[in-house]
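Every number here is computed from the coordinates shown, using simple stated rules; none is lab data. These numbers come from a predicted model, not from an experiment. Positions of Cβ are generated from backbone atoms using ideal geometry, with glycine treated the same way; all protein chains shown enter the neighbour counts.
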Amino acid sequence: MLRGAALGAAVPLVPATAPTAAAAADTSRRGREPDAGAVTLRWLGTAGWRIDVGARTVLFDPYLTRFPTGLFGDGFDPRTPLLSRPEAVDPHIGRPELVLVSHSHWDHLADVPHIARTTGARVVGTETTYHLLVALGVEAGQISVVKGGEVLDLGGIVVEVVPSLHSRNKKCSYFAPGTLNAPPAAVPATIADLPEGDTLAFQVTAGADGPSAFLMGASDFSERAVRGLRPDLAMIAVPSGTATHLYLPRLLRALDHPRVAVPVHWDNFEVPLGTPVRDPAMDLDAFLAGVRQASPATRVVVPDHRTVYDGALRPVRA
């Protein structure tokens, strides 16, 4: 998501589901408390998460360099050069074996090439993500292309890939649409060189008794695609407007009212990771009120960059 898709300028670069087997298996598990102590979670800012299952690490949309583009200042510049700072990234990522990418905008993808090249982690994303990462120096065999609907068994960690949608601004458009079905003509050098390339969500489940976490990278979704997932935790992108009809009521109902809802993508992602600074375009208070109204039994946790949480999203340590 690009600041709730608040920018309307398009920068084109190139020309109903039934419950899944994983969701069916979750029906019996959802009735009891998951084994929250076996998992830790850390919010990496923006939409990003680090999930540790024992000694194994999964990253989702890890954007940690947080370089300025003018989006939160005097004027957004789509010609801003791509940048990844290892000193900003490496202290937060551990040794990941898997990196999940929702879509290819810079605030989700910019640090993924560095992470993939230096850790050997497998990257899961769209065909557009594949072509961009290969152009940026990631080994093709290290990337798994998915479309949504896949249920990947990683030996104790199950990843369900969910077809999803990018958030929209007031004009029902968003920055840098487009997909790649072949390598880009030149190595991507600016943020405008990274088209959205379709959007995915993911549900990560840690073992038979571990918690399941639904991870969003943008504030829109396919209601039919998420119905039946029934996660314990729902990391929900905060919208900047009302372009998506009844966003929270529809989403929370389709997810069968998760135990915990966690707002994400509401922070200013152009200041260093630390005490979260709110994006003024995001009405976090209205979001929190909306969750409580639509799903009164759901516990709401506003995450902090500096806190490690257990699998029930309760603080383990600061």
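Table for the structure above
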item	result
The range 108-191 shape via C-alpha gyration tensor axes, a/c threshold 1.5	oblate
Three-way shape label, the range 125-273, alpha-carbon gyration tensor, a/c 1.5	oblate
Using a Förster distance of 45 Å, the FRET efficiency for Arg292-Ala140 (Cβ separation, nearest 0.05)	0.45
Fewest-first ranking of Thr199, Thr65, using other Cβ atoms within 10 Å as the exposure measure	Thr65, Thr199
Paramagnetic reach from Arg85 (point 7 Å along Cα→Cβ, amide N under 14 Å) across the range 111-137	111
Taking Phe76, Phe287 and counting other C-beta atoms within 10 Å, the order from fewest to most	Phe76, Phe287
Contour excess over end-to-end distance, with Cα ends at Ala208 and Arg278 and 0.36 nm allotted per residue	21.6 nm
Added length on full extension, which subtracts the Cα-Cα distance from 0.36 nm per residue, Ala185 to His257	21.5 nm
Relative packing of peptides 108-117, 236-245 - highest average C-beta neighbours within 10 Å first	108-117, 236-245
FRET efficiency for Val151 and Arg95, using Cβ-Cβ distance with R0 set to 22 Å, rounded to 0.05	0.35
Most to least packed among 157-164, 215-222 [average Cβ atoms within 10 Å]	215-222, 157-164
Nearest-0.05 FRET efficiency for Ala55 and His245, computed from C-beta distance (R0 35 Å)	0.20
Taking Asp107, Asp304, Asp198 and counting other C-beta atoms within 10 Å, the order from fewest to most	Asp304, Asp198, Asp107
Extension gain, Asp77 back to Arg306 (0.36 nm per residue minus Cα-Cα distance, nm)	79.5 nm
Shape of the range 3-317, Cα gyration tensor, a/c cut at 1.5	rounded
